[in-house]
Amino acid sequence: MKSSWWMPDIPKSAVLRRRMFWAYVFVAAPVVALLVFLAGPILFSGWVSLHRWDMLSPVGDMPWRGLQNYVFLLTRDTIFIKALGNTFLFAIGGVGANTILGLGFALLLNSRIRGRTVWRVLYFMPVITAPLALAVMFSFIFDRNYGVVNNVITALGLPRQPFLSGPHQALMTLIFIAIYQYVGYYIVIFLAGLQGIPQDYYDAAQVDGAGNWQAFRFVTLPLLRPVMLFVVVTNTIGALQVFDLVFATTGGAPANSSMTVVLHMYNTAFKFSRMGRASAMAFILFAIIMLITVMQVRLLRDRAYQD
Amino acid sequence: MSLKRSVLVFLSLALVLSFGAATLAQDTTLTMLTHWGTEDQLAAQQAIIDAYMAEHPDVVIELVTVDFGELRAKIITGRTAGISADVYHFYHLWLPDFVNAGVLAEPPQDSLTYIDENVAQGTIDAVSTSDGQTWGYPTEVNPYLLVYNKRLLAEAGYDAPPANWEELKEIAAAITQVDDSGAISQVGLGVMPGWDSGIVHPFSALLFSNGGNYLSADRAMAEFNSPQGIETLQLYADLVASGGTDASINGLANFPSGTVGMVIMAPWWRATLRAAEGVDFETEVGVAEIPVGPSGDAPSSIAYTWLFAVDSSSPNKPAAWDFIHWMNAEHNDGAGSAIGDFLVNALGAIPSFNHDQAAFADSMSDHYVSAFVAASAYARPEQIVAGGQEIKTLLQAEIEAVLAGMTTPEDALASVEMQANAILEEQRMMAEE
């Protein structure tokens, strides 16, 4: 039997051929699922982004708009531009803090402190708490008039702060909540990375006369770079797609000061029935995430190799 | 024929016959989607459905409710997924969008005649498109009025609600209480940030009471960016500056707890206020006309409505319209309709149909609802237009920006006007394509 593109020319025992056939069948199932549930919707969304579609009219009746949706978003949609800026700030603040705090706490938990397991559980608890529950809890905690944080602040003689209800503080407060929510996850990741570094390296560094800082700088950090890459990339992707926390706490208010791209996308699609424009937003966000991810991977991976 | 084969043939025949019989006797199943989701409201709706099903044993009705904030998305995604409800109850502002997209089925002539004969023309217009086509049975009519806490006004030294904006500002500032730490324990006028209707409808009521307009009469242009509109938004800025209002105290959430002096609100709030612990509904809750602005000459207001309609893709349109008609029709003289009873007694809302307004006049005669009934005679219906929800949301954000001190009334209204007119222009072009 001749070989084909799907059946390579390999030793032709009947048993092996049968096995190969079933191997392709089993591989085909997830590939088909991927095409139907991932590639298909992505391509469809790309097609929709070039049209005006309200999600209610038949797909065949969508009026063609070309790149109008993209041009509108990038030149005239002030809320989108605002949301983009907010989302970047959210990502920069969240990723920076989660990386630094995650590593810092992981170093502490990796040392011989008392009640290490209890600390780990405590830090991880917000990760498994429902985001909606956290949002409601922090809405009370940061309330301008009755919130416990303001009670503490005023007891210290400082002025009361609006936090989530203030246009200049809402986004910062959301970043704080997101850090509280996710830092435990990154602590666990860093902890796993730290525990994967052989003790021999530290012993060798000590023999060479390295102190704690030098051991951290020249042993821990270089060997943690792959973990750092994972943390930074996944955290950035997640932060740029933030939705649930904002939806449940401020809804983008006051006056869009905490609006994020995905929340604006949701409103545009389901409140204003502009699926074409919302799809264009999704593609712009995708391009941004892709660009940032490639840059991060190149920067951190290349440096990891250099080290 | 062997015994085994005979049994097989018999079973096959039985299967085919039972399937055929089941198909012939299949019930008509209708799904009704509403936003009335509290326990009491669900029970009241189910009672109506059960009564209809008892009279129509061949019809099964399933009730689906979602929060108002998700209702539009539920309708849209249901349609896209091919699992839309047969009967919708929805906010009339969405009507032009739904009609343009072919979501709704035209009511049968009998229904249109019934609505024409039993509903005030203004309310019919509110559930009709600009071509005069009526698309469903109107339900609740919701004008906005000034709801106030008599006790808080009295404690501030006032025995009557404000009649004009100067009085509104004065009384609101007098009611507000801020403690030494800067915490606001009581606010004069409660606003409702984060909720489009809670922001835009009170603004519209004040705008109309100041002689302004929302859209032009032909609904082709935004008209809120007028001297009257700027005065209205300046009122908000003045109230913030004087401490008469503060966006951190939500009127909707805090009036029932007795910490808000005044709120501009709709009648359906009655059930909440009756159950409130911070304010006594009978003795402390007052309702007054919207204070008149400096450019206005009489109190005015805005009224919105909802409607029952049928999905155009429903396979059971006649049954769906029959069910809607049954809910809204008066079956015994003077008894009112099932929905009228629900609206008045479960919600505290004003029903659209004349027979319901007559039948439940006693229930609507309390000091609270009666004021709204009087206002429904002069309140201007919310102008519905394709893209209306988007315009409303944009205006909401700008009003909130003024409340937050982020922009001026002039800049806020100019910005929304430009965007609103672009949306209206786009919708016109879409209609022409």
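Every number in this text was worked out from the coordinates using simple rules, so none of it is lab data. Just so it is clear, the structure is predicted and the values come from calculations on it, not from any experiment. All Cβ positions, glycine included, derive from the backbone under ideal geometry; neighbour counts span all protein chains shown.
Give the average, rounded to an integer, of partner chain Cβ atoms located within 10 angstrom of each Cβ in A:249-257.
Working: counts 0, 2, 4, 3, 10, 11, 15, 6, 5.
Rounded to a whole number, the mean comes out at 6.
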*Apply the Kirkwood formula to region B:133-219: the hydrodynamic radius equals the inverse of the mean of 1/r over all pairs of different alpha-carbon atoms; give it in Å with one decimal.*
15.7 Å
*Prolate/oblate/rounded call for chain B, Cα gyration tensor, a/c under 1.5 rounded*: prolate
*Just the number, please: percent antiparallel of the DSSP beta bridges in chain B, rounded to the nearest 5.*
60 percent
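Just rank A:MET125, A:MET259, B:MET406, fewest to most, by other beta-carbon atoms within 10 angstrom.
On the way: A:MET125 10, A:MET259 26, B:MET406 17.
Fewest-to-most Cβ neighbours within 10 Å comes out as A:MET125, B:MET406, A:MET259.
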*What ³J(HN,Hα) values, in whole Hz, does the Karplus curve 6.51 cos²θ - 1.76 cosθ + 1.60 give for region B:168-177 when θ = phi - 60°, with x put for Gly and Pro?*
4, 5, 5, 5, 4, 5, 5, 6, 4, 10
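Over its Cα atoms, what ratio of radius of gyration to 2.2 N^0.38 Å does region B:214-290 give?
Details: Rg = 16.1 Å, N = 77, 2.2 N^0.38 = 11.5 Å.
Expressed relative to 2.2 N^0.38 Å, the Cα Rg reads 1.40.
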*Formal net charge of residues neighbouring A:GLN68 (Cβ-Cβ distance under 12 Å; K, R +1; D, E -1)*: +3
_Which of B:SER209, B:SER363, A:SER139 has the fewest other C-beta atoms within 10 Å, and how do the rest follow up to the most?_
B:SER363, A:SER139, B:SER209
*Under 11 Å from the Cβ of B:TRP165, count the other residues' Cβ atoms, weight Lys and Arg +1, Asp and Glu -1, and hand me the total.*
-4
*Which percentage, to the nearest 5, of the DSSP beta bridges contained in the protein assembly as shown is antiparallel?*
65 percent
*Just the Cα atoms of the protein assembly as shown, one point each, no solvent: what log10 I(q)/I(0) does Debye give at q = 0.09 Å⁻¹?*
-0.96
*Counting alpha carbon pairs within less than 8 Å and at least 6 residues apart, what relative contact order, in whole percent, applies to chain A?*
27 percent
*asked:* Going through the cross-link list B:LYS317/B:LYS392; A:LYS82/B:LYS392; A:LYS82/A:LYS271; B:LYS74/B:LYS317; B:LYS150/B:LYS392, which pairs have a Cα-Cα distance over 28 Å in this structure?
replied: B:LYS317/B:LYS392; B:LYS150/B:LYS392
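Fewest Cβ neighbours within 10 Å first, please rank B:SER216, A:SER13 accordingly.
By the 10 Å Cβ count, ascending: A:SER13, B:SER216.
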*Work out the mean other chain Cβ neighbour count within 10 Å for the residues of B:383-390 and drop it here as an integer.*
2
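Inside 10 Å of the C-beta atoms of A:73-84, what's the mean count of C-beta atoms belonging to other chains?
So the per-residue partner count for this stretch is 1.
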_Just to confirm my numbers, what's the Cα centroid distance between region A:49-98 and region B:272-329 in Å?_
35 Å
